[in-house]
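J.: One structure follows; several queries about it will come next.
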Amino acid sequence: MPAPIPDTPLPLTLVLFLAAATGVWLSGSRLVVHADEIADRMRIGRALMGFVFLATATSLPEIITTALAAGGGDSSLALGNLLGGVTLQFAMLAIADGFARHAAITSFPRKTTAVLEGVALAFLLTMLLVILEIGSGIAVFHVGIGAILLGSFYIGIIVLLRRHDEDTPWMPVRVLEAGEVSEDDSPFVSSFPELSTTALNFRFLLLTIAILVSGAVTVSMSERLAEQTGLGTGLVGVTLLAAVTSLPELSTTVAAVRIGAYSMAISNIFGSNLLMLALVLPADILYLKGPILAEFEPVLDLALVSGLLVTIIYIAGLVVRSRRTVLGFGYDSLAVLAIFAATLSLYWANR
């Protein structure tokens, strides 16, 4: 996929990459503050705000990259970008756990919405693994049945989670420590009292555009780095490109944890990963050579299996709700970081 920026030498490519990555980080950090304010003003649950709106805004670099790669016939880059970052994004949530206040991040959400999000993600990952085994080449015209199923189930999951969140389901009860205020019961204090709700939404839109532009430059420069350093596109899709396009998720997740919006942080990662699976459908529509999942590369099998493992670990963390930490990280986050490190080592060992 050609980069939209004129050719640059390697040093300038690195400078542009770092500058754009900084822009992504700063825009993502401010986006969370606005998202938290919008959730309070419009009475949208923080989990749903993170799962749908924040996840979509921070996934724009992946959406653009995937569309361009699939439309250009590069199935390796498109699938690597979508499916190679599942474990990586959970590793970002684990890193953000270190910023939580004296307890594991999975001990804070009181609603079961985040648990249901995790179960939905585990279901779609399992479905994808089954599709790859028995039916990745079955198609309607040139679009694979597997991609259609993933897109359809994603829509159903959004509807289910919306209804579940509105019903205010069972919430686990924990006695709060002295002086502690739960995430759900904290009083609303406006961070932007001078702004109307319309102006606030407009700022959210502007920050989303900033993430899109900065993200497009980072993607372009990461592809150029791949060419200039001689790395293959399959490996880049799983590691470098997946990391670059996940920068918005990292910045927003860390920012959400730092302001105490723990449910939003967790749902942002679950929602982003679910959206990546759903985007297989539009990628397949744009890929005119046949079902895109039929071009699935073996290197991504490890990405899906490790992604399923870390999803299950965080589901367990949300159910157990242990507050214990080691060096500021919950046990579940430490396990996720270990799996991510092992997965990354296997990627590079088999490149």
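The values are calculated or read from the model by the stated rules, or taken from the named source; none is laboratory data. Small disclaimer: the values here were computed from a predicted structure and weren't measured. Here the Cβ is made from the backbone with ideal geometry for all residues, glycine too, and neighbour counts use every protein chain on show.
J.: Got a number for residues in segment 80-114 being surrounded by 19 or more Cβ atoms within 10 Å (Cβ to Cβ) and touching a helix residue (DSSP H, G or I) at 6+ places or on another chain (Cβ under 6 Å)?
T.: Count: 24.
J.: How many residues, within segment 298-334, are more than 21 Å from L274 (Cβ to Cβ) and not polar (S, T, N, Q)? Explain how you work it out, then say what you get.
T.: We begin by selecting, within segment 298-334, every residue more than 21 Å from L274 (Cβ to Cβ); these are 298-299, 320-331, 334.
With not polar (S, T, N, Q) added as a condition, the list becomes 298-299, 320-321, 323-324, 326-331, 334.
Residues meeting the conditions: 13.
J.: Of all residues in segment 312-351 being buried (at least 18 other Cβ atoms within 10 Å of the Cβ) and among the polar types (S, T, N, Q), which is farthest from F90 (Cα to Cα)?
T.: Checking each candidate, the answer is T325.
J.: Is it true that F141 is modelled with pLDDT under 90, exposed (fewer than 14 other Cβ atoms within 10 Å of the Cβ) and of a type outside the set (S, T, N, Q)? Before the answer, list the steps.
T.: Working: modelled with pLDDT under 90: yes; exposed (fewer than 14 other Cβ atoms within 10 Å of the Cβ): yes; of a type outside the set (S, T, N, Q): yes.
Considered against the rule, which asks whether it is modelled with pLDDT under 90, exposed (fewer than 14 other Cβ atoms within 10 Å of the Cβ) and of a type outside the set (S, T, N, Q), F141 comes out as yes.
J.: Could you check, for segment 107-128, whether at least one of its residues is assigned to a loop (DSSP other than H, G, I, E, B) and among the small types (G, A, S)?
T.: No, the conditions are met nowhere in segment 107-128.
J.: How many of the residues in segment 288-303 are under 21 Å from the mean Cα position of the chain (by Cα) and modelled with pLDDT under 85?
T.: Count: 4.
J.: So if I check each of T22, T8, which one is assigned to a helix (DSSP H, G or I) and either hydroxyl-bearing (S, T, Y) or in contact with a strand residue (DSSP E or B) (Cβ under 6 Å, 6 or more places away or on another chain) (or both)? Spell out how you get there, then give the answer.
T.: Details: T8 fails: assigned to a helix (DSSP H, G or I).
From the options T22, T8, the qualifying one is T22.
J.: I'd like the residue in segment 129-159 that is among the hydrophobic types (A, V, I, L, M, F, W, C) and touching a Gly at 6+ places or on another chain (Cβ under 7 Å) and, out of all such residues, is farthest from G71 (Cα to Cα).
T.: Among those residues, the one meeting the criterion is I131.
J.: Collect the residues in segment 73-110 that are charged (D, E, K, R) and within 19 Å of A341 (Cβ to Cβ), keeping them in residue-number order.
T.: The answer is D97, and nothing else.
J.: Give me the helices (runs of 4 or more DSSP H) completely within segment 239-335, filtered to those with at least 2 residues that are charged (D, E, K, R) and in contact (Cβ under 8 Å) with a residue 12 or more places away in the chain, ordered by residue number. Spell out the reasoning first.
T.: Values: elements: 240-245, 247-258, 262-278, 280-286, 299-320.
In segment 239-335, 247-258 are the helices (runs of 4 or more DSSP H) which contain 2 or more residues that are charged (D, E, K, R) and in contact (Cβ under 8 Å) with a residue 12 or more places away in the chain.
J.: Let me ask something else. Could you say which residue among A47, A69 is within 16 Å of T253 (Cβ to Cβ) and among the hydrophobic types (A, V, I, L, M, F, W, C)?
T.: A47
J.: If A256 passes every condition in (1) at pLDDT 75 or above; (2) farther than 22 Å from A91 by Cβ but one, which one does it miss?
T.: In the conditions (1) at pLDDT 75 or above; (2) farther than 22 Å from A91 by Cβ, A256 misses (2) alone.
J.: Just give me the residues in segment 38-48 being in contact with an Asp or Glu (Cβ under 8 Å, 6 or more places away or on another chain) and either at pLDDT 80 or above or not in a helix (DSSP H, G or I) (or both), in sequence order.
T.: Answer for segment 38-48, where residues must be in contact with an Asp or Glu (Cβ under 8 Å, 6 or more places away or on another chain) and either at pLDDT 80 or above or not in a helix (DSSP H, G or I) (or both): just G45.
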